[in-house]
1. Nearest 0.05, what FRET efficiency do GLU249 and SER205 give at R0 = 30 Å with Cβ-Cβ as r?
2. Assuming R0 = 22 Å, can you tell me the calculated FRET efficiency for the pair ARG283 and SER77, based on Cβ-Cβ distance, to the nearest 0.05?
3. Label ARG6 and LYS88 with points 7 Å out from Cα along Cα→Cβ: what is the distance between them in nm?
4. Determine, from the Cβ-Cβ distance of LYS96 and GLU175 and an R0 of 41 Å, the FRET efficiency 1/(1 + (r/R0)^6), rounded to the nearest 0.05.
5. Cut-off under 28 Å on the C-alpha distance; same-chain residues fewer than 8 positions from LYS132 excluded. Which lysines are left, in chain and number order?
6. Between VAL238 and residues 5 or more places away or on another chain, which pairs have amide H atoms under 5 Å apart, with H built 1.01 Å from N, and which residues are they?
7. Can you give the net charge of the other residues whose Cβ lies under 15 Å from the Cβ of PRO80, counting K and R as +1 and D and E as -1?
8. Give me the net charge for the shell around TYR228: Cβ to Cβ below 13 angstrom, other residues only, Lys and Arg +1, Asp and Glu -1.
Amino acid sequence: MEDSFRRSIRKMTGTSIHLSVHADHPAMVATLSQSMMVTWSIVLFEHLDALLNNREEAVSSSELISYSATAWKLCESSFPQIVADASKLYDEFRAKWMQRFSTDEVLRLLLEGGDFLHHDENGWCLAVKNNKQDINAFYSATIHLLVSDAEPLFVRMHGRVMQLQEKLCKYWHGESAVDAVSKLLPCLEEGLREKENALVTSLRSSLNTLAKKRFAAAFNVKGAPKYYRTAAGCARNVGRLWNPHYAYENGFLAFTDDFCDYARGLTLQVIDWYRDKWSLFLRGFNRGQLNLFETKGER
């Protein structure tokens, strides 16, 4: 996980990621079994039963089981290109939105928004009140545009991975799934697809959920509104929570930079997860590891 992604998670969620040093293997296996589709769980059981009842077939199979040379080479060559393409797209995305949220553009947006800025004898202040209606309206006119533009990028790169996955499955099943023992890993992979898709969908929705939550937090303040001498000064100070150290010219630039780190990191994390998944499955296992599928009483 890249440091920029880790930092963006902390900023977007308010919490840091803490990785456990010691993996809880029984809990991991339990979660894995609960994640499988019922139909594929039955099929997997049938293959295991066939394996244990016909050991001669397993012994006569090749040394490497469920290994596809064609699929492996395709996996090793394709995922780096997808990562490179995703990085380029998000670099272009960041540059575009950093320009769109320049102080001049933010000022224009606030002035043309109608009710976002208030001006009187005290100067200029933000007219957005700490209530759901005002915050939603302000979000829809600003950051929501950024998020709506990011979601198609996530979907696009995930679609690239899905296309590659279908090709990998075609070669993998065609070259290696020839008997009960060689169908164990393909069966396990198919059985987890539904859970994978649900997880990716929830990750995609997190783009809007986290963005909206962090946006609203900046206006969760009490007291009289703060006035500025000029409208530009007011525009620069909208969303001070996002830019606490004044590292950016305005708060929207700080929000955009953090969100871009999160969206890019999340997309690359999903791609890396699928790359690791297929690197694990496509290497198969050795014939000497068949006793992994036996209980102690059966050895």
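The values are calculated or read from the model by the stated rules, or taken from the named source; none is laboratory data. All figures in this text were calculated on a predicted structure; none of them were measured in a lab. Because the Cβ atoms are built from the backbone with ideal geometry, glycine has one as well, and the counts that use them run over all protein chains shown. Just so you know, the surface numbers come from the protein's heavy atoms only, side chains and all, with ligands and any DNA or RNA stripped out. Shrake-Rupley method; radii C 1.70, N 1.55, O 1.52, S 1.80 Å.
1. Computed FRET efficiency for GLU249 and SER205: 0.45.
2. 0.90
3. Rounded to a tenth, the inter-label distance reads 2.9 nm.
4. Numbers: r = 43 Å, r/R0 = 1.06.
That gives a FRET efficiency of 0.40.
5. Excluding near neighbours in sequence, the set is LYS11, LYS212, LYS213, LYS222, LYS226.
6. Here GLY251 satisfy the definition.
7. 0
8. +3
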